[in-house]
Structure formats: C-alpha cells, structure tokens
1. Report, to the nearest whole %, how much of the accessible area of the range A:88-165 belongs to carbon and sulfur atoms, 1.4 Å probe, protein only.
2. From the phi of every residue in the range A:245-259, what ³J(HN,Hα) in whole Hz does the Karplus formula 6.51 cos²θ - 1.76 cosθ + 1.60 yield, where θ is phi - 60° and glycine or proline is x?
3. Average partner chain C-beta neighbours within 10 Å, per residue of B:315-323?
4. Of the heavy-atom accessible surface of the range A:168-327 (probe 1.4 angstrom), what whole percent is carbon and sulfur?
5. When only C-alpha pairs under 8 Å and at least 6 residues apart count, what is the relative contact order of chain A, in percent?
6. In µm²/s, what is D for chain A at 20 °C and 1.002 mPa s, where D = kT/(6 pi eta Rh) by Stokes-Einstein and Rh is the Kirkwood radius from Cα pairs?
7. What share of Cα pairs, in percent, lie more than 40 angstrom apart in chain B?
8. Could you tell me which of A:Val184, A:Gln159, A:Ser135 has its Cα farthest along the dipole of the range A:106-202 towards the positive end, charges placed at Cβ (Lys, Arg +1; Asp, Glu -1), taken about the Cα centre?
Amino acid sequence: MNTLPPAPERFIWNRSHLLGLEDLSAAEILAVLDTAGALREVSTRSIKKVPALRGKVVVNLFFEDSTRTRSSFRLAAQRMSADVLDFSVSTSSVSKGETLADTALNLEALGVDAIVIRHRSSGAPHAVARVVRCSVINAGDGGHEHPTQGLLDLFTIRQTFAPRGKKFSDLHVAIVGDIAHSRVARSNLWGLTRLGAKVTLVGPTTLCPDQFAGLGAEVSHCLDDVLPRVDVVNMLRVQFERLASAAFPSIREYSRYFGLDEARLKRCRPDVLVLHPGPMNRGLEITSAVADGPRSGILRQVNNGLAVRMAVLYLCIGANSFAAKEF
Amino acid sequence: MNPTQLLILNGTLLDPAKGRLELGDLLIVDGRIAASGAGLRAQAPDATPLDVAGCYVAPGFIDMHVHFREPGQEHKETIASGSAAAVAGGFTTVCCMANTTPAIDSDTQVEFVLTQAARVDRCDVRPFGAITKARAGNELAELRLMHEAGAIGFSDDGVGVGSAAVMLKALQYVKMFDGLISQHCEEPTLSGGCMNASATALRLGLAGIPAAAEEVMLARDLVLNRRVEARYHVQHVSTAGAVELIRQAKKAGLPVTAEVTPHHLLLTDAACGSYDTHFKMNPPLRGATDVQACQTAVADGTIDCLATDHAPHTPEDKAQEFDKAPFGVVGLETALPLYAEALVRGGRINWLQLMEKMTTNPARILRLSDRGALTDGLRGDVVVIDPDKTWRIDPAKFRSQSRNTPFTGRRVQGAIRYTVRGGRVVYTAET
C-alpha cells in the first residue's frame, strides 16, 4: 500500500457522528473539506487504497433505495481499507417488525465502528445515535438532511471558485425546486450560510414556502429573476410523487418555469456553476445540453462525493486512533 | 366513628359555583355533601375526621377528555389503571373517548365501559360514544341507543368528522334528545403531518399540520350548527385562529363550548426540535402566539374548561421514528400544577377561577348537575390540594400504565393531598 498524504493543518473535529450540517461550525465544515481535499489524491493513484481505517467496520444501513450514495459510501470505506457490511432491509428482521433501535443495537453488538444510515423518516439517525456508542453517519433522513451531499456540493463549489480567488462569502447560490421536501436543500442551506455564502431558494410557492426566509435564506418564486444574480445554480430533482399531492399542475408547466435549459443558462453569469444531486430527470428540471455542457459540475460532484465520504469516515471513526498528522 | 360520615377539617373551601373562598370544614354524609362552613365538628361528633390545615378543599376535578384504551389496548392503559391515575390527579369524574379497539359505537360497548368502571369503583368513568360507526366518518353510529345506555356525549376523537353532510346529520340527530357533540377539529384533506406546520417543521423536514386544519373544520361546524343549535363542544383548542372563531361564535350567541390541554397552555412546537416523540400529539404543539391566545381565552371565558387529553402509549410506541410514533401524551397525574403554572402563577386567573374551569364548567357542559360544586346535597366528590408543595415530575411514579409525558423532570408547584369520591377517600398522597 502507498504512503499517506499529509493531513491538513486545520484540524477541528471532535465528533463521532455526522447527523447534519445545521450543527456544524464553519471550522468543522472546513475541516471536512480540507481532509477531503487531501484524500482526493488517493483516488488518482494506481492503487487506490490507504490503510487509514484498516480493521474498522462500516455498515451501510439503507432503509430507502439508493444506488449512488450507497456505492459511494461503500467505495469510500474500501479505499480507506475498512470492512464494509451492506445491510439489506428487505431481507432483514426489520421486515419482521424489529425496531430501528434494536436493529442498530444488534449491528453495534457485531462490533461495527460506524453505521451509515439512510431512512425515510426525518430524525431516524438522531434516534440511532441516542442508543448506540459507535459512529452514526446520516446518509439522508426523510426531508431533513443529507449532510454528505451538502458537503460534496460545498467541496465542488470551493473547487470551482477558489482558483478564481473567490471565497464562500463572495458567492450567491440558488437552490431550485422542491425545497420543502428536500434534504439536499436543507444541508446546502446550513452549510452555505455557515460559511458566509448567500442562498436564494427558488421554487413554486407550494414547494418553496416563504417561511424559509426565517431560516436564513432568501426565497423567490421566479427563477428568471434570480439567475442573473447568482454564481451557482443547484437544480433539485423533480419528485413525481408530488404531482399526486397537487403541489404543481404538470411536469410541463413545472419545467416551463423552473427548468434549466440553454435559454435560461444565457441569463446567468458566464462563469456560473450548475449542480444537480442526481439522479436527473433530463428534459424536466434540467436539459441535457445544460447537464452535459461546460458549466455543469455534476460529474465532479459524484467524484468529489467519494473524497468527502472518505473524509467523513476518517474524521468520525479514524482520526482518534491514528496520528492526526498523517492519513 | 361513623364510617358513612367524613369530616374534612380546617381547610380553605374553594367553591367556584358560589365564588366562595373561606376557611372551614366540609361534612359528607352517606356520600353526599351535608354541610360546609366554620366549626362543623360539634355538628358531627362521630364523623371520621380528616385534618387538612393549610390545604384547599375543592370539588372533585372533572376531565371530559381522556383515553383509557379499554377495550383493545389494555397494554397502554385500562379502566383500572386510568382510574388510579385519575384520582391521583384529583379527578373524580373522567370521560373516556371512543377510539378504543373496537370503537365505542354501540349501546353494548357503552355498557361495557360503565360495567368495568363500576367494578373498579374508584372514579366515575363516563364514556363518549363514537359519532359514526367505527369512527369511519360515513354513517351515524347508534347515537340514541348509546345515549340511553349512558354515553355522556359523542365524539370520533382522534379524527374529525370529515364529511360536512355527516356532521350536519349528527348535529340534527343529537338535537332530538339534546345530546352533546364533541369535535376533534381537523380537516382531513389539510392534515397528514406529524407536527405544527411551522419554520421548525421546515427545519426538521417533518410534514406539518397547519392551523388551518383545525380552523377550517371548526368554522364549518359553527356554520352548520348555526341553524341546528345542538350542544357543540370543541376539543383541545390549539390555535389563535380557533380561539377567535369560538370567541365570535359565543358573541353571536351560538351554543359552543371549548376545552384546552395543559400542554397547549405551556409548550410550543420548538420542543419538537430534537425529534423527541414525547412532544408529538394531535393537535400538535403550536407557536408562542397560539399558547398566549389559549391562555387569554381561558381567562376571558372563551375556553370554558380544562381537559388533559390523557393519551397513554407504551415506550415501544413512542420509541419509533417521529413520523411513525403515535400522537398523544398522558396528563391526569400532572394536570393541576401545570394548569396552575400556566394560568394562576402567570396571573391570568386565581385559584377559584381555576377550580371553576376544572369542575363547575365541565359539569355544566356535561349536564352533570350533581357535582362540580360544594353545595349541600351534591355528591361527596372532593379534592384536597396542597397549593404550596413543590415536586419534580417523575414518570416512574405514575399510577398510569404509561409514562409518555412531555414534562419529565419539570419542577412544579401544587399537589393533590387527598381525593374523596362519594365520601370515600380514594387517594391519599404519600408523605
């Protein structure tokens, strides 16, 4: 195995859990981003592995379907030499009526060091963190938070704008779509505002309530007004199930007003960064020309996600037992 | 010593029905109040004495909204355990809701509850019958048969009656025998959430129940009842808007009464911030302005009475994820000091007025003319209160089978010393 890259100077992290970005300080967020920056290099090596988490066990406890986040966490753990246990809910005792707390306690009794949990109920990772002593990492809870997605978005934004000499406090970010039900929107909102960026939430009134203004964001219902003023546009996925709840009349009408196509992109600043947490509905909230165009950071987000998750795992379960100077 | 005579000595008599607050004794003979006033000892030399110097003596509390879970969910509460909790909280009359399994929607079900309560014989338990069959909201339940079997009123509590047409028929039908409709106001098409629709809900990513869900159904019912004028009671008022609707309806002379719970008088939805399901109830905890409005409404009489909505759930039920856990908190054993904290300590009302809202007013709404005052000839249902005693709420000490209170660890002032029902001491505080 290869030697380890040097760890960043700034090292402010005393947490064993990552439940959300709302609780994190700016220094803690930057600690993750800096650690991820150092770890990104590992993925460029011919042998894409470091021993930092050798002997640690990470369990993926996913109660909701997920391919990319689950794979990303799995690969992240493996690149750090941790053992990975994939806990499949459909074949488990959960379908036999076991409570979430019991499931978590049983996994802990097997000797896992971290539980990476995705759950459709907001607050489920917090409930697990109350009963176990091992690390709990939130991989998305209901409509609450998706902190590693927020961190990888922050990482991608910094990666794009830092070389141009811009800090977070110089940036204005639009998050567009179903804000009310989006955990990605919330994690982005907390992370960005904590680092000093300005955030405007954009969506139809039914999916982007004005009450968000009380949480530190600007709220707009007109994408065309917002686009010329922002440095980053983060397009959220249209959730088709919201159609049934009549939050908007049709996909056609939604994409007319809140979809990002080339014509709309022309309203933006020339150096705008377009993000999307995926999976995309091409042609609905974002056209292929935009998603695959030069302003898109979408595949970089996926790539950075790996480094961010390596960093999160390292900080939550590895940093205490290894010299902090070295990975 | 005459066992059929109880003489409560040296207390401060609080009789809200007469606006009376005076030092004195209270004599109960054969289960009925025989006399009250100064120096009764000479009048009843053989009576069993109970010296309560320094305490208040008030009519037994009446809670017109509890859930005793029997039949069907006896692992949460039974009529026996619920009765024990009731008398420990000073309640001598409680009305249990119909959302049991199966629902109380027939005369035989009503008789079952009354029979179980008589077997336990600690507290007067009066069942509400369901408004609709199986509380499904579609067809009227056998309202008149239940009424004759002893149902105190009718409610689908847990849910509101969603159909305006069914609600109108229910109001019209109970009018025939002057029955009471008690509504859980929650418009079903606006509901489906698990906490107050608010900035806190947005922050937590939890689906909200808007204030409008309560207000829309209440407003609808008030319109429906304008022409019917049936007895209509609003359960667990939680929003400033609902308070205003009731205030206007009363001003217009409509027959409407209302209740509010301890938690809606003291807590806001900010308490849900850590996903603690002990703060999950329906209607949900609302904002600070709603809490203020509810307190004001009690003080100005818009809200007539206080009711706990005692809703026991097991630790397993409450250990679920916030959106999956059941709604509800227990309340009987902590009601008095919490009401006192919200209303008396803040200067909104005095102790006599508090007693009115816990006894005289619910008795009036329920048409229980034999209780709710210290008048001679009424039932010997009396509570002895130590208003100064401070204590810490400890769920482990509850008589209720369930522990799901949002007030764990809270320091409160005011405690029940004795509860007397029909002249018999049914609860004595540990000293």
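The values are calculated or read from the model by the stated rules, or taken from the named source; none is laboratory data. Please read all numbers here as calculations on a predicted model, not as lab measurements. Using ideal geometry, Cβ is built from the backbone for each residue, glycine included, and neighbour counts are taken over all protein chains shown. Side chains included, ligands, DNA and RNA excluded: accessible areas come from the protein's heavy atoms. Shrake-Rupley method; radii C 1.70, N 1.55, O 1.52, S 1.80 Å.
1. Looking at the range A:88-165 in its full context, I get 51 percent from C and S.
2. Values per residue, Gly and Pro as x: 8, 6, 6, 8, x, 7, 4, 4, 5, 4, 6, 4, 9, 10, x Hz.
3. Averaged over the peptide's residues, the number is 5.
4. Heavy-atom surface of the range A:168-327 belonging to carbon and sulfur, 1.4 Å probe: 52 percent.
5. Normalised by residue count, the contact order of chain A is 22 percent.
6. 106 µm²/s
7. 13 percent
8. Sorting the options by dipole projection puts first A:Gln159.
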